[in-house]
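The structure under discussion appears below in the form of structure tokens.
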Amino acid sequence: MADEPLGHLTVVDFSRYRAGPWCTQILSELGAEVIKVERPGVGDPERHSHPEQGGMGVNFIARNRNKKSIAVNLKHEEGRQVVEDLVADADVLVENYSLGVMEEFGLGYEYLTEEVNPDLVYASVKGYGEEGPDSDRRGVDLVMQAEGGIMSVTGPEDGQPVKLGQALGDIGSGLYALLGVLTALYERERAREPTAGAGEGETGGQKVETNLFGTIVSFMEEYITRYGITGEDPTPYGTRHQTGVPYELFETADGHMVLSVTGQGSWERFVTEVLEDADHLLEYDSQRLRQEHYAELMAVIRPKLREKTTAEWREIFDEMGFPNGPLNRVSDVVEHPQARARDYVFEYEDDEIGEVTLHGHPLHFSDADTSVRSGPPQLGEHTDAVLTEHLDRTPEEVDRLREDGAVE
């Protein structure tokens, strides 16, 4: 294996909660050195999420491994200067403060790229974005699930709207931010090539901006196009797919499983080999017909699926080539052979908080490596090391900054 693909990058991380930390954790797992700037005595609010292990909250544990933590008072002149000096040699800055907060700290994009580091890739994640009539409103994931429309198509048929079980807006905007950062870094490298033709005064840095609202709206995808075609608001389908039939969660003799019967010839084979004695259903050989006769089909399919266990049906459907899978609980996923084989779930032994179960990332390279180098940092754990190694501050200078309240 080659070295970690982003091992040459330094990222200054001002992000908190979920969206920004999700982006920077993946950057760190790809090898980047991520230096998390936190408020002395408080840190990322997710440090105090419940439940805790070893005095550290579950949300912080889950998305802050591989990072270094420095505790800096950004309202202190020397503290802000420490961060400015750090940014001067960094490649990337990620922040998800409310609109205008970084400018209040004196660390806004224009200032940093004009006066400190013209090659800086500056990633900003907001609730509604930095422009538009709602740009100054605060936004959180659940609000975005409602306002962005995804909650209106989630839940049981003819039932009340239901939120998604995970913060899709946060995680999605973190991934969009990651995509933007990598694109901007690529553009920066292109600008440095002799044939790039960059004009005088042009630099390789730029701002990348994304937001939770736009993320949720983008994830609505075909629902928006469907509304444009029909003029009707889509509604929830429960566990049923909005276009495919049969493609949903079914009850089996001992649990539940999802089955998808799609593709050329699949319906005929399903009817003749699985349903049996139901040749009258063969005429529904298109998705349109199966949607129109949905109730009639389910009156046959559902009782049939309850005749065998999930394991028995899985063997049958795997042999037939029909996508299928059981309804797993979290405990099942933690022990899932595929998840374990690819390190999507693994145990990590941390010196401070003990053994914790963590999620991995589905990124695999043929000629590069990713790794977990360290667990989630204690607040200010790396203040001394970062200041002495990155900024050439002496231990005595660091002690003075600590005594003056600039760092912790």
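The values are calculated or read from the model by the stated rules, or taken from the named source; none is laboratory data. Everything numeric here is computed off the predicted structure, so don't read it as measured data. Every residue, glycine among them, receives a Cβ derived from its backbone with ideal geometry; neighbour counts consider all protein chains shown. Keep in mind that these areas ignore ligands, DNA and RNA; they rest on the heavy atoms of the full protein, side chains included. Shrake-Rupley method; radii C 1.70, N 1.55, O 1.52, S 1.80 Å.
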Taking the Cβ of Val34 as the center, what net charge do the other residues with Cβ under 14 Å away carry, scoring Lys and Arg +1 and Asp and Glu -1?
-> -2
Highest average packing first - 320-331, 14-25, Cβ atoms within 10 Å = 14-25, 320-331
Contact order relative to length for the chain, counting C-alpha pairs under 8 Å separated by 6 or more residues, stands in percent at 21
Reported to the nearest 10 Å², Lys68 has, with a 1.4 Å probe, an accessible area equal to 60
Calculate, for region 237-379, the solvent-accessible area per residue in square angstrom, rolling a 1.4 angstrom probe over the heavy atoms of the protein chains.
-> 58
Whole-number D in µm² s⁻¹ for region 163-276, Kirkwood Cα-pair radius fed into Stokes-Einstein, 25 °C, 0.890 mPa s | 129
Of every hundred units of 1.4 Å-probe accessible area on region 251-300, the number belonging to carbon and sulfur atoms, as a percent, is 44
FRET E, pair Gln264, Ala299, Förster distance 22 Å, beta-carbon r, rounded to 0.05 = 0.30
Considering the zone a paramagnetic label at Leu179 would reach in this model (a point 7 Å from Cα along the Cα-to-Cβ line), which residues of region 107-144 have amide N under 20 Å from it?
-> 121-131, 141, 144
What is the Cα convex hull volume of region 191-340 when expressed per residue in Å³?
-> 248
With point charges of +1 on the Cβ of Lys and Arg and -1 on the Cβ of Asp and Glu, referenced to the Cα centre of the chain, which listed residue (Ser331, Ile316, Val398) lies farthest in the positive direction of the dipole?
-> Ile316
May I ask you to list, by number, the DSSP H helices of the chain whose Cα span along the axis is at least 18 Å and whose average Kyte-Doolittle hydropathy reaches -1.0 or more?
-> 168-191
DSSP-defined beta bridges in the chain - what % are antiparallel, rounded to 5 | 45
Phe219: accessible area at probe 1.4 Å, nearest 10 Å²?
-> 80
When the Cα atoms of region 1-142 are enclosed in a convex hull and the volume is divided per residue, what value in Å³ results?
-> 131
With every protein chain kept in place and a 1.4 Å probe, region 1-105 has an accessible area per residue in Å² of 36
Two-site FRET efficiency, Ser331 against Ala278, from Cβ-Cβ distance with R₀ of 30 Å, rounded to 0.05 | 0.25
Ranked highest first by the average count of other Cβ atoms within 10 Å around their residues, in what order do 56-64, 380-388, 336-344 fall?
-> 56-64, 380-388, 336-344
Excluding residues on the same chain fewer than 8 positions from Lys126, give the lysines whose Cα lies under 28 Å from its Cα.
-> Lys36, Lys67, Lys68, Lys75, Lys163, Lys207
Yeah, the chain with a ≥ b ≥ c from its alpha-carbon gyration tensor (a/c under 1.5 is rounded, else prolate when a/b outruns b/c, oblate otherwise) is prolate
Would you kindly compute the Cα radius of gyration of region 291-408 and its largest Cα-Cα separation (Dmax), both in Å?
-> 26.2, 80
Checked region 1-77 with the C-alpha gyration tensor, a ≥ b ≥ c its square-rooted eigenvalues, rounded below a/c of 1.5, otherwise prolate if a/b is larger than b/c and oblate if not; verdict oblate
In region 86-145 the accessible area split gives carbon plus sulfur, as whole percent at 1.4 Å, a share of 45
At q = 0.20, 0.27 1/Å the base-10 log of I(q)/I(0) from the Debye formula over the alpha-carbon atoms of region 279-334 is -0.93, -1.12
Order of 80-93, 222-235, 180-193 by packing, highest average Cβ count within 10 Å first?
-> 80-93, 180-193, 222-235
Determine the shape class of region 96-215: with a ≥ b ≥ c the square roots of the Cα gyration tensor eigenvalues, call it rounded for a/c under 1.5, and otherwise prolate if a/b is greater than b/c, oblate otherwise.
-> prolate
The FRET efficiency for Glu232 and Gln338, from their Cβ-Cβ distance with R0 = 60 Å and rounded to 0.05, is 0.95
Simple spin-label model, 7 Å along Cα-to-Cβ: Leu289 to Asp134 in nm?
-> 4.3
Which Cα, out of Val274, Val208, Tyr247, lies furthest along the positive dipole direction of region 156-294 (beta carbon charges, K/R +1, D/E -1)?
-> Val208
